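Scroll down for the structure; my scribbles are underneath it.
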Amino acid sequence: MSSQPEIYLQEMGLSEYEAATYVGLLQGGTSTAKEVASRAGVPQSRVYDVLDSLNTKGFVVVQEGRPKKFGPVEPNQAVSQFRDFKRREHVRRLDEIQGLGEHFLDAVDEADYGDEGDDEVDISWSYPNRHHILEKLERLAEDATEEILMITTPESFERIANHHAELLAAKADAGVEIRALISDDRDLDPAVRDRATELMTIRFVQDIRGRLYTYDGENVLLAFRAPNDDGYVGISTTSPHLYATLSQLFELLWEDGVPVS
């Protein structure tokens with residue numbers, strides 16, 4: 001049965017073996033892999049992989065030698081390093097989404113799709129001005145009945161909050177859950193922040209570049225700067241499968257976000 005510290009570590013994102021191994025190292029101090037496996041109840045065949053993973057995530061330091069030994073990082077420092085690890089992982093995933101979006105646009109252009117299949121898949125893009133993207137976001141918000149999730153920048157959030165203030169207020173009054181993750185590279189305009197916090201829950205995260213908006217478990221809009229930086233590309237689609245993946249990314253970032261003070 002897991003101890004209380006192990007349960008919290010698992011809630012943070014460590015595996016059962018990783019949590020048991022780190023707690024075992026805190027209890028027993030610097031140890032060989034064999035000693036760690038015995039103390040933590042981790043199979044000998046798995047212990048090196050577990051220790052390597054904990055080293056990558058910032059919980060373990062390695063002492064080279066024969067035999068190699070492993071020591072626990074001080075808990076406060078370990079938690080801080082794990083947050084940094086998760087933040088880098090989140091940024092990498094956002095960059096992957098932006099890159100995939102660009103490849104998607106290239107593939108669509110090369111395929112030269114006509115109007116066939118419009119009734120089955122809703123895919124649109126606007127290039128290069130923001131106006132069409134804001135219009136699409138407004139239509140998606142109008143149709144939302146359950147939730148609206150945003151990953152965006154202060155600039156884009158302020159634009160949405162100002163253009164769609166009445167609509168967002170109406171949706172909040174109707175019980176639609178609205179959450180926004182906003183890059184912390186600059187402060188929000190105080191008036192926008194105060195008004196928005198009455199309508200939705202906001203958290204701040206680092207290193208947001210592209211913009212991602214999802215609605216009601218199936219509608220997705222991804223927006224990012226065009227390659228020449230003259231404007232934006234907006235891609236929207238209706239896909240519960242894509243939403244399922246992106247919502248996991250949102251929740252990971254949300255857990256790491258800092259609430260509005």
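List of remarks:
- Residue count for the range 188-205 satisfying the condition of being among the charged types (D, E, K, R) and either crowded, with 17+ Cβ neighbours inside 10 Å or within 15 Å of Gly175 (Cα to Cα) (or both): 3.
- Any hit, the range 30-37, residues being more than 20 Å from Ser3 (Cα to Cα) and hydrophobic (A, V, I, L, M, F, W, C): yes
- Residues of the range 245-261 satisfying the condition of being of a type in the set (Gly, Ala, Ser), open to solvent by 20 Å² or more (accessible area, probe 1.4 Å) and assigned to a loop (DSSP other than H, G, I, E, B): Ser261
- Subset of the range 232-244 (residues that are part of a helix (DSSP H, G or I) and at pLDDT below 85): His241
- Selection of strands (runs of 3 or more DSSP E) fully inside the range 140-231 by the criterion of at least 3 residues being within 20 Å of Leu252 (Cβ to Cβ), within 15 Å of the chain's Cα centre (by Cα) and of a type outside the set (Val, Ile, Thr) returns 177-183, 211-215.
- Flag for Ser80 being of a type in the set (S, T, N, Q), surrounded by fewer than 16 Cβ atoms within 10 Å (Cβ to Cβ) and modelled with pLDDT under 80: no
- Here Phe204 clears all of (1) touching a helix residue (DSSP H, G or I) at 6+ places or on another chain (Cβ under 7 Å); (2) of a type in the set (Phe, Trp, Tyr); (3) at pLDDT 90 or above except the condition numbered (1).
- Selection within the range 1-33 - farther than 30 Å from Trp254 by Cβ and without any contact (Cβ under 8 Å) to a residue 12 or more places away in the chain: Gly28
A quick yes/no check of all residues on (1) within 30 Å of Val205 (Cα to Cα); (2) aromatic (Phe, Trp, Tyr):
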| site | (1), (2) |
| --- | --- |
| Glu18 | yes, no |
| Arg39 | no, no |
| Ser45 | no, no |
| Phe82 | yes, yes |
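- Restricting attention to the range 41-57 and to residues that are over 26 Å from the mean Cα position of the chain (by Cα) and of a type in the set (Ser, Thr, Tyr), the residue that is least open to solvent (accessible area, probe 1.4 Å) turns out to be Ser45.
- Selection of the range 18-40 for residues being surrounded by fewer than 20 Cβ atoms within 10 Å (Cβ to Cβ) and in contact with a Lys or Arg (Cβ under 8 Å, 6 or more places away or on another chain) yields Gln27, Gly28, Thr30, Thr32, Ala33.
- Odd one out for Ala180, checked against (1) touching a strand residue (DSSP E or B) at 6+ places or on another chain (Cβ under 9 Å); (2) among the small types (Gly, Ala, Ser); (3) at pLDDT below 90: (3)
The values are calculated or read from the model by the stated rules, or taken from the named source; none is laboratory data. Everything numeric here is computed off the predicted structure, so don't read it as measured data. Using ideal geometry, Cβ is built from the backbone for each residue, glycine included, and neighbour counts are taken over all protein chains shown. Just so you know, the surface numbers come from the protein's heavy atoms only, side chains and all, with ligands and any DNA or RNA stripped out. Shrake-Rupley method; radii C 1.70, N 1.55, O 1.52, S 1.80 Å.
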